[in-house]
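Any read-out appearing in this document is the output of simple, stated calculations on the displayed coordinates, not a laboratory observation. Note that the coordinates shown come from a computational prediction; the quantities given were computed from them, not determined experimentally. Quick reminder, even Gly has a Cβ in these numbers, built from the backbone with ideal geometry, and neighbours come from all protein chains shown.
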Amino acid sequence: MKNIVRTLTLEELKQIEVVSPNVSDKYVPIYTSDIIEILKPEFEFIEACQFVKGTNKHYADLINKDGDIIRIYNSYDRKLALSVSLVSDNINIDLGINRLIHIGGKAKEFTKLLEETKDDINESITTTKIAMAKFKTIPMSDKYTKIISDAVFYKEVNKKDFVSYTNYTDLLIKNKISVYEYIRISIDNFYEGNYTITYGDKKSKGRSTNSTLRKLKVENKVMKVLTINFPEFFL
């Protein structure tokens, strides 16, 4: 990924865990290395990636015996809230810890709560994997298109003068693709800028994105709306 410096060891990760002097007195640091320690022995550290050299914005990957990968996004300068996702079939899926701000009671109690409830993460992973398996067997239909596409284009849909978008993945529904394939292709097309967007009377081609955080938000948004609208997938 562009502009990312890889840190291959836990020691290197700890070296960038420095709280910015620009944060307020209310700031409560939640260290990624502490989360890694709490999630042992079920999950082991693989590597961490620093977004830009000289900053503390990063993500860290952990893996369990089944090959499930957890990705922790974090920083210590208030520019990136804490998020923990399951990386399943190359899609980031929120595990209930999404954009936790480093201020207030939730931040202060987070590590203690995680120690007490880390089994919930394993349960959430199992549930998510079951849902992903179901997505691969359910044929895509018009029932899901707007819900999924609106989630992919959620930022664009909420902009002033938005009129419409074109998700070219809709053309593949006649080929009897699965719900998972529709999600994956729609997201990939969005990242690559393979779509059109209309604001007012102006129709434009899409723009590709290399932003890891933008991708995280889109993928989490898609899974969130599916959880809300089709909870039966997650049972």
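Taking just the alpha-carbon atoms of the chain, what radius of gyration and Dmax come out, in angstrom?
Taking only Cα atoms of the chain, I get Rg and Dmax of 19.0, 57 Å.
How far, in nm, would the chain grow between Tyr199 and Ser141 when pulled straight, counting 0.36 nm per residue and subtracting the alpha carbon separation?
Full-extension gain reported as 18.2 nm.
If I model a spin label as a point 7 Å beyond the Cα along the Cα-Cβ vector, how far apart are those points for Ser20 and Val157 in nm?
3.1 nm
Springs between alpha-carbon pairs under 10 angstrom, Gaussian network model over the chain: which of Asp150, Asp94, Asp34 fluctuates most?
Result for the chain, Cα springs under 10 Å: Asp34 fluctuates most.
Taking Cα pairs under 8 Å and at least six residues apart, what relative contact order does the chain come out at, in percent?
Normalised by residue count, the contact order of the chain is 15 percent.
Per DSSP helix of 4 or more residues, -39500 (n - 2.57); summed, then divided by the residues of the chain. What does that give at 222 nm, rounded to the nearest 500?
Computed ellipticity for the chain at 222 nm equals -12500 deg cm²/dmol.
Which of the trypsin sites (Lys or Arg not before Pro) across the stretch 121-157 are loop residues per DSSP, with 16 or fewer other Cβ within 10 Å? All intermediate terms of the calculation are to be shown ahead of the outcome.
On the way: sites: Lys129, Lys134, Lys136, Lys143, Lys146, Lys155; in loops: Lys136.
When the trypsin sites (Lys or Arg not before Pro) of the stretch 121-157 are filtered for loop state and at most 16 Cβ neighbours within 10 Å, Lys136 remain.
How about the stretch 165-235: which trypsin sites (Lys or Arg not before Pro) there are in a DSSP loop, with at most 12 other Cβ atoms within 10 Å of their Cβ?
Details: sites: Lys174, Lys176, Arg184, Lys202, Lys203, Lys205, Arg207, Arg214, Lys215, Lys217, Lys221, Lys224; in loops: Lys176, Arg207.
Here the trypsin sites (Lys or Arg not before Pro) that fit, given the DSSP loop and packing criteria, are Lys176, Arg207.
Take the cross-link list Lys14/Lys221; Lys57/Lys118; Lys136/Lys217; Lys53/Lys221; Lys53/Lys203 and give me the ones stretching past 26 Å between alpha-carbons. Could the numbers behind the result be given before it?
Values: Lys14/Lys221 30 Å; Lys57/Lys118 24 Å; Lys136/Lys217 22 Å; Lys53/Lys221 29 Å; Lys53/Lys203 38 Å.
Pairs exceeding the cut-off: Lys14/Lys221; Lys53/Lys221; Lys53/Lys203.
Between Ile63 and Thr227, how high is the FRET efficiency from 1/(1 + (r/R0)^6) when r is the Cβ-Cβ distance and R₀ = 25 Å? Nearest 0.05.
The value I calculate is 0.55.
Which of the trypsin sites (Lys or Arg not before Pro) across the stretch 2-33 are loop residues per DSSP, with 13 or fewer other Cβ within 10 Å? Show your work: numbers first, answer last.
On the way: sites: Lys2, Arg6, Lys14, Lys26; in loops: Lys2, Lys26.
For trypsin sites (Lys or Arg not before Pro) across the stretch 2-33 that sit outside H, G, I, E and B with at most 13 neighbouring Cβ atoms in 10 Å, the list reads Lys2, Lys26.
Given C-alpha coordinates of the stretch 142-234, what is the ratio Rg to Rh with the Kirkwood estimate of Rh?
Rounded to two decimals, Rg over Rh is 0.96.
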